[in-house]
Amino acid sequence: MYVDLKPSPSIPLHALDALQDDALLPICVACGTQYPRSHQAVRSSSETRGKSPNASGAGSRDVPECPVCLDPRQYAPASGQQWTTLAELSKDQASGEEKGKGQERKHRLLVDERDERISMIVTEPGFGINQTPILIETADGSYVWDCAAFLSLPLIGHLTSLKRPLKGIAISHPHFFSTSLTWSRALNVPLYLNEDDKEWYQRLGDIRESDPVIWWTGYRELGRGVKVIQCGGHFPGSSVLYWDRLTEPAPPKDDLPTKPTPVSGILFTADTLMVQPTQRGFSFLWSVPNMIPLRPKAILRIYTTLKHLSFDEATSSWPNKWIRPSSSSSSSDSEANDDAKKALEESVILYLAAEGWRLDENGELVELVS
Ligand SMILES: [Zn+2]
Ligand SMILES: [Zn+2]
């Protein structure tokens, strides 16, 4: 169910300051990563702004490059690197080729039909790699998992007036770093980033002592029942968020929900492991856009990190990527793999076999004889 966010009557002053401070910082159009002011200075002096990258031919080299896009785990568009800003993103419509065609950019919440405590924060029209952060509202407080470049006043209004106040933003890996420092300042909440991906944080030099940026490794409890877990693979710090919904208190007897509330564990996987289009299995990719798989050891590490957790649902960081038990016992494909933990086990075996490996009885990798 989509919910439109209405203009909020009260936006905190510190949020307006944060937005204004960062309004003109350069943002890569292809991946949504925000850069410090120094990156912008290069662009201004190049006088390439407004020109089509193709029109300048070899001269397009003087447009600043985006290291995140130049890395093989992303891609620099064939048409050339383009830049925008938070100010441009919010005042005009879609950028790049879609400019002028689409509707004004806005946020909508895609509330999960099974568990209304989970909402995807959708940017429309999409931007970057269509990063879709997820809002998770636990009894103990709310969290935003992952980030996106666009930040609107209605979204700030919504996130600063939640019934369960926002307690933090946690990010799976560098492809979701986007404008997270602006988000953290505007929402005045801690920003959890994995230490092993620090070199990819493009605004490292902009982090002030007063910024509640928390660097972590291994795993980190964010609150009751909610933790981030480092799996590595796609990036050294690639992580998942685990929510053990069994830790949630029972609803008060005089205010029972109209339908059962899920109590099983759920994994928010980003692309540390990616829900396949069939929504029956996972892919383990080092580069998603270039379709380069992870090595067997990296797949095994993800598996050994997650196999002890109790969960039966999983979702990647884009809409409509779920593995979850069927909601209907009359489902005709009861043989289908709809348990996320079982899907993990089977996907690991399938992937390893495709790469020429299997697991022995001790869980060690054994090369298959071809
Ligand atoms: Zn980029
Ligand atoms: Zn990624």
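A few remarks follow.
- Close pairs from the stretch 235-255: first away from ligand 1 (no atom under 16 Å from the Cβ), partner in a loop (DSSP other than H, G, I, E, B) and among the polar types (S, T, N, Q), Cβ under 6 Å, at least 6 apart: S238/T272; S239/S172; V240/T269; V240/T272
- Residue satisfying all of: in the stretch 62-74; near ligand 1 (Cβ under 9 Å from one of its atoms) and in contact (Cβ under 8 Å) with a residue 12 or more places away in the chain; surrounded by the fewest Cβ atoms within 10 Å (Cβ to Cβ) among these: E65
- V228, sole failed condition from (1) within 23 Å of P319 (Cα to Cα); (2) free of Cβ contacts under 8 Å to residues at least 40 places away in the same chain: (2)
- Flag if V240 is crowded, with 19+ Cβ neighbours inside 10 Å, more than 15 Å from ligand 2 (Cβ to nearest atom) and under 22 Å from N194 (Cα atoms): no
- Checked against the criterion of being in contact (Cβ under 8 Å) with a residue 12 or more places away in the chain, out of contact with any Phe, Trp or Tyr (no Cβ under 9 Å at 6 or more places or on another chain) and within 16 Å of ligand 2 (Cβ to nearest atom), the stretch 303-319 contains one or more residues that satisfy it.
- The C-beta contact set for the stretch 166-192 (first residue within 15 Å of G128 (Cα to Cα), second residue charged (D, E, K, R), distance under 6 angstrom, 6+ apart or interchain) comprises P174/D197; F176/D146.
- Every test in (1) touching an Asp or Glu at 6+ places or on another chain (Cβ under 9 Å); (2) within 16 Å of I136 (Cβ to Cβ) is passed by T179 save one, and that test is (2).
- Among the candidates R43, R49, R61, residue that is at pLDDT below 95, in a helix (DSSP H, G or I) and touching a Lys or Arg at 6+ places or on another chain (Cβ under 8 Å): R43
- Members of the stretch 194-213 found to be touching a residue at least 40 places away in the same chain (Cβ under 8 Å), more than 16 Å from ligand 1 (Cβ to nearest atom) and of a type outside the set (G, A, S), listed by number: N194, E195, D196, D206
- Residue within the stretch 278-288 that is on the phi > 0 side of the Ramachandran plot, surrounded by 13 or more Cβ atoms within 10 Å (Cβ to Cβ) and modelled with pLDDT under 95 present: yes
The values are calculated or read from the model by the stated rules, or taken from the named source; none is laboratory data. This one's a predicted model, so the numbers in the text were calculated from it and none came from an experiment. Note that we place each Cβ from the backbone using ideal geometry, even for glycine, and neighbour counts take in every protein chain shown.
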